[in-house]
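Q: Here it is, the structure, as structure tokens.
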Amino acid sequence: MLKYAAAAIIALGSASALPVAAPAQSYMFETGNTLLAKCRNKAPEYALACTAYIVGAVDGIKKDVFIGRARPNCWPAQMDAEEVKRVVIAYLNRYPDQRNAPASVLVSVALNEHYPCDKSPG
């Protein structure tokens, strides 16, 4: 039994030494255009994909704020997924020239516009 485990470890070790070709191009997984297309699609699976992407982006941004990788924002602590989706879709519809940007960035920008931090002295 140990003989087989050792052979597997040796095989894995030698396999990892093989050269791996770098990807020919880098690409973005989701842009404002592709996200908006999902959000506009009437099929239930696309509506779910739209909401899931936006909620995931918000969670990722909130995590980055929490660990100090991103500047704090003034978003509510609890947000309704459908309301956030509505805000993002409205932003994408209002600014078609920005839709080639990464969707996660546009989610952040849309929410920062909708929930601005109060800059007035109080």
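The values are calculated or read from the model by the stated rules, or taken from the named source; none is laboratory data. Only a predicted model underlies this, so the values are computations on that prediction, with no experimental measurement involved. Every residue, glycine among them, receives a Cβ derived from its backbone with ideal geometry; neighbour counts consider all protein chains shown.
Q: List pairs: first residue in segment 66-88 and in contact (Cβ under 8 Å) with a residue 12 or more places away in the chain, second residue assigned to a helix (DSSP H, G or I) and of a type in the set (Ser, Thr, Tyr) anywhere in the structure, Cβ distance under 8 angstrom, at least six positions apart or on different chains.
A: Every condition considered, the pairs that remain are 73/108; 81/51; 82/51; 85/51.
Q: Let me ask you something else. Can you tell me which residue within segment 27-50, out of those that are under 13 Å from residue 89 (Cβ atoms) and among the small types (Gly, Ala, Ser), is surrounded by the fewest Cβ atoms within 10 Å (Cβ to Cβ)?
A: Looking at the filtered set, the residue picked out is 37.
Q: Answer yes if at least one residue in segment 28-46 is at pLDDT 95 or above, part of a loop (DSSP other than H, G, I, E, B), farther than 15 Å from residue 85 by Cα and among the aliphatic types (A, V, I, L, M), and no otherwise.
A: Checked against the condition, which is being at pLDDT 95 or above, part of a loop (DSSP other than H, G, I, E, B), farther than 15 Å from residue 85 by Cα and among the aliphatic types (A, V, I, L, M), segment 28-46 yields at least one hit.
Q: Name the single residue that is farthest from residue 35 (Cα to Cα) among those in segment 68-122 being at pLDDT 95 or above, part of a loop (DSSP other than H, G, I, E, B) and of a type in the set (D, E, K, R).
A: Among those that are at pLDDT 95 or above, part of a loop (DSSP other than H, G, I, E, B) and of a type in the set (D, E, K, R), it is 69.
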